[in-house]
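So the structure is just underneath, and the comments pick up after that.
The values are calculated or read from the model by the stated rules, or taken from the named source; none is laboratory data. Small disclaimer: the values here were computed from a predicted structure and weren't measured. We place every Cβ from the backbone using ideal geometry, glycine too, and count neighbours over all the protein chains shown.
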C-alpha cells in the first residue's frame with residue numbers, strides 16, 4: 001500500500017524589521033494612552049508604559065527618545081483619530097434629501113468620533129498636556145488642520161450653506177456641540193438624553209440650511225410670477241405717448 005506523501009509544513013511568514021518596528025510603536029502608543037487615561041499624565045512613567053506594552057524599557061527608548069516624544073506621538077495619533085474631514089465616504093451625498101443628510105451626518109460623526117469610548121480619554125490627555133507649551137502648541141496646530149478638513153467635508157455635504165458668510169462658524173458650532181456631548185459621556189447620562197440632543201442638533205442643521213436656501217435670489221420663473229416691475233410697467237405708457 002502506497003502511503004500518501006506528507007504535505008510539507010508551511011513556513012510562517014516572517015515580518016520585516018520595519019513591520020516589527022511599526023507594530024512595537026503602535027503597542028507603545030496604545031499603552032501610553034491607556035496608562036495616561038488611568039493614572040494621569042504626571043504619573044505615567046515610561047517603565048509602566050513599557051510594561052503595559054509588553055516590551056522592555058530599552059525597547060521603548062529605542063523607538064522614542066524620551067517620555068515627551070512618546071506622548072507627542074500618542075497625542076498626534078489621537079488628534080487624527082478624530083479626522084472625518086479627509087474621508088469623503090463618511091459624509092452624506094449632497095444629492096440626498098436635506099433631512100436625511102442631516103440625520104446621517106450627525107449620526108455618523110457621533111458613531112465614528114464623538115461617541116467612541118476613548119473620546120473622553122483623548123480629551124483628558126489633551127487637558128493634561130495643556131501645561132506643557134511644546135505639546136500644547138503642537139496639538140493646537142494639528143487640531144487647526146483637522147478643523148479645516150472637517151469643516152470642508154461638512155460643507156461639501158451641505159451646499160445650501162455655500163453662500164452663507166458664517167458657514168464655517170456654523171460647521172464649527174455643530175462640531176462643538178457634538179464634542180460637548182462626547183465629553184458628557186464621562187458622566188454616563190441617560191441614553192434618551194443623548195439621543196434627544198442629537199435629534200435637536202439635526203433639527204438645527206435642517207432649519208439653518210432651509211433658512212440659507214430662503215436667502216437665495218428668486219429664479220427667473222419666480223420673478224415672472226411676481227408680475228411686472230415698476231420699470232416694465234412704465235414702458236407701455238411711454239410707447240403710447242409717442243404713438
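See the values below:
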{"read-out": "Within region 149-172, considering residues that are outside any helix (DSSP H, G or I) and in contact with a helix residue (DSSP H, G or I) (Cβ under 8 Å, 6 or more places away or on another chain), the one nearest to residue 74 (Cα to Cα)", "value": "158"}
{"read-out": "Unmet requirement for residue 146, which otherwise passes all of (1) over 20 Å from residue 209 (Cα atoms); (2) out of contact with any helix residue (DSSP H, G or I) (no Cβ under 7 Å at 6 or more places or on another chain)", "value": "(2)"}
{"read-out": "Lone qualifier among 186, 212 - being farther than 27 Å from residue 113 by Cα, in contact with a helix residue (DSSP H, G or I) (Cβ under 7 Å, 6 or more places away or on another chain), at pLDDT below 95 and assigned by TED's automatic domain parsing to the domain that holds residue 102", "value": "212"}
{"read-out": "Count of region 115-142 residues which are assigned to a helix (DSSP H, G or I), surrounded by fewer than 16 Cβ atoms within 10 Å (Cβ to Cβ) and in contact (Cβ under 8 Å) with a residue 40 or more places away in the chain", "value": "1"}
{"read-out": "Residues being loosely packed, with under 15 Cβ neighbours inside 10 Å and either modelled with pLDDT under 90 or more than 19 Å from residue 113 (Cα to Cα) (or both) - total across region 157-182", "value": "6"}
{"read-out": "Helices (runs of 4 or more DSSP H) within region 44-114 that include 3 or more residues under 14 Å from the mean Cα position of the chain (by Cα), closer than 30 Å to residue 194 by Cβ and at pLDDT 85 or above", "value": "98-109"}
{"read-out": "Restricting region 1-37 to residues that are over 26 Å from residue 123 (Cβ atoms) and at pLDDT 80 or above, the residue that is surrounded by the most Cβ atoms within 10 Å (Cβ to Cβ)", "value": "24"}
